[in-house]
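Some notes on the structure that comes next.
The numbers here are math on the coordinates, done by the rules we state, and not lab data. None of the values given here were measured: they were computed from a predicted structure. Cβ placement follows ideal geometry from the backbone for every residue including glycine, while neighbour counts extend to all protein chains displayed.
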Amino acid sequence: MKQIKNITILHLNPNNQIKAQLESNYKASYPEAIFEIYDLSEYDIKNCIGCWNCWVKTPGRCVHRDKLSECYFSIINTDICVFSHEVKNGFLSGNSKTFMDRLIPLFHPHIKIVNNEMMHYERYASMPQMHYAYSLAPNEKEITQREINCLEGYFFRCNEHFRAKGMMHQLNSNAIINSKDTMTRMSPIIPEKMKNMSSPISNSSKIAIYNGSPRGTASNTLLLVEQFKKGLLIEGILEEQIEVYNLSQISKHEEIASKFYDVDYHMFIMPLYVHSMPGIVKNFIDAVESSASDNKNIPSPKVGFFVQSGFKEGYQSFYCRAALETICIHNSWIYSGCGIKGGMEGLRLTPEKANAKLYSAFNELGSYFAKNGYLSSDILDELIKPVHLTKSLKLAFTLLPNKLIQLYWDSQMKKNKVIEQSYAQPYKK
């Protein structure tokens, strides 16, 4: 067993008792280790903006020049890295999820098949043990077993893709309540069966559609938002009933959140980011619940979701779907379903005619939502395919030259004259 010489603790939880408790436990367990401790709990972590510069312009290096740049060095060069997270509104707080998004530079864009799934190539030959500690935010009353399963499933998924060993700890201010090895397989929570809750959208109802992509108006996600909205309009929903918001506009979160409970129907469409929702989506949800905390008589809005990703198989978004449904349950929102579609990278570069079938499905999804107030399970069942990699896709990875498989990302690196630095390791000492 490798001797543990260095431990990095990253505090994303502002609770000082939790900080002290966690440090005390690790120092007692590893008395000879050298500790590096970063308190990021009050630090305004910049959101990943989806520019992919860390893959195609400055390989392995984030475009942001902030406190996290120092953290990257510590994460890569330590033996154990401990992420101390705050749990808020049924999942990681927005700040915690934003930090996880900022780990994207540690991956390489190239894709291979591992355990019958698409995964990114390793940028670094080995990762440290990645440990996760989590505890409730002060205003949260309790954490449910479902929320625990959802969080631990997410941590398992992160380490599975990083090919890293680790532990996860549930804490309160007095002790570590429970610990589990992240190598213990955690399957995603199976979604609940949609109830027959048909309620056609009336001409007095309000609808909000949220573009949850950090790329904002330059995103693949916005194309799906537009096609979903088109389906609503086909069914006679008026333009003035619909508001489209780009959650990449962080400065507008509080204003939009303050109107959330004045709207009857909500639809979040987003990309998969580090195995769950982007940090901007969770930050917005936290802002919604913060604005509603003093109002005990608010109605329960109907909330639907759609998650798209570059990975071909729908299964990649199952852990994200579980988190989104769990958030709905936690906040007493009426869950209107969650759709999933893989293979979406480069959608904006594809001719519109080639996207006709996809766009038609999104028009139908919007139409069904207008007529029923929730997402059609039949349409979602078609969009999610393939759930797992098909034999033909796996065969293609075996037979096709690697240069052809990686063409999408390599062509951008060649254009930026960094293909030779593709596997750069800028944070390795």
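Which lysines have a Cα less than 23 Å from the Cα of Lys417, not counting those fewer than 8 places away in the same chain? Cross-link targets: Lys57, Lys403, Lys428. Lys391: which lysines have alpha carbons under 16 Å from its alpha carbon, excluding same-chain residues fewer than 8 sequence positions away? Within the straight-line limit of under 16 Å, Lys391 reaches these lysines: Lys112, Lys312. Of the two radii for the stretch 100-170, the radius of gyration is 1.05 times the Kirkwood radius, both from the alpha carbons; that is the Rg over Rh value. In the chain the longest region clear of GluC sites (Glu not before Pro) that are loop-assigned by DSSP and have at most 12 other C-beta atoms within 10 Å covers 193-429.
For the pair the stretch 125-165 / the stretch 386-409, the C-alpha centres are spaced 30 Å from each other.
Rounded to the nearest 5, the antiparallel percentage of DSSP beta bridges internal to the chain is 20%. Taken over the stretch 174-309, lysine pairs spaced eight or more positions apart, or on distinct chains, with alpha carbons under 24 Å apart number 24. Relative to the current alpha-carbon distance between Asn139 and Lys230, full extension at 0.36 nm per residue lengthens the span by 28.8 nm.
At 222 nm, what helix-only mean residue ellipticity would the chain give, in deg cm²/dmol to the nearest 500, using -39500 (n - 2.57) for each DSSP H run of four or more?
Computed ellipticity for the chain at 222 nm equals -10500 deg cm²/dmol.
Using the beta-carbon distance between Lys428 and Met183 and R0 = 25 Å, what value does 1/(1 + (r/R0)^6) give for FRET efficiency, to the nearest 0.05? The value I calculate is 0.55. What the Cα convex hull of the stretch 207-384 gives, in volume per residue, is 108 Å³. Only the Cβ atoms of Lys and Arg (+1) and of Asp and Glu (-1) were treated as charged; on that basis the dipole of the stretch 6-181 about its Cα centre amounts to roughly 480 debye. How high is the FRET efficiency between Thr390 and Glu32 when r is their beta carbon distance and R₀ equals 41 Å, given to the nearest 0.05? E(calc), rounded to 0.05, equals 0.25. The mean sequence distance of close C-alpha pairs (under 8 Å, at least 6 residues apart), as a share of the length of the chain, puts its relative contact order at 19 percent. Average 1/r across all pairs of distinct alpha carbons in the chain, invert it, and you get the Kirkwood radius: 22.5 Å. The loop-placed trypsin sites (Lys or Arg not before Pro) in the stretch 60-156, going by DSSP, that have at most 12 neighbouring Cβ atoms within 10 Å of their Cβ come out as Arg65, Lys141. Each Cα pair of the stretch 6-181 feeds into the Kirkwood radius, which the Stokes-Einstein equation turns, at 4 °C and 1.567 mPa s, into a diffusion coefficient of 77 µm²/s. Under the simplified labelling scheme, the Lys2-Glu243 pair shows an inter-label distance of 5.0 nm, with each label point 7 Å from Cα along Cα→Cβ. Return, ordered by residue number, the residues of the stretch 315-357 whose backbone nitrogen is under 14 Å from a label point located 7 Å along Cα→Cβ of Ile419. No residues fall inside that zone. Since only Phe228, Met183, Thr217 are under comparison, the one whose Cα sits farthest along the positive direction of the charge dipole of the stretch 172-285, derived from C-beta charges on Lys, Arg, Asp and Glu, is Met183.
Can you figure out the FRET efficiency of Arg65 with Leu349, using R₀ = 25 Å and their beta-carbon distance, to the nearest 0.05?
0.30
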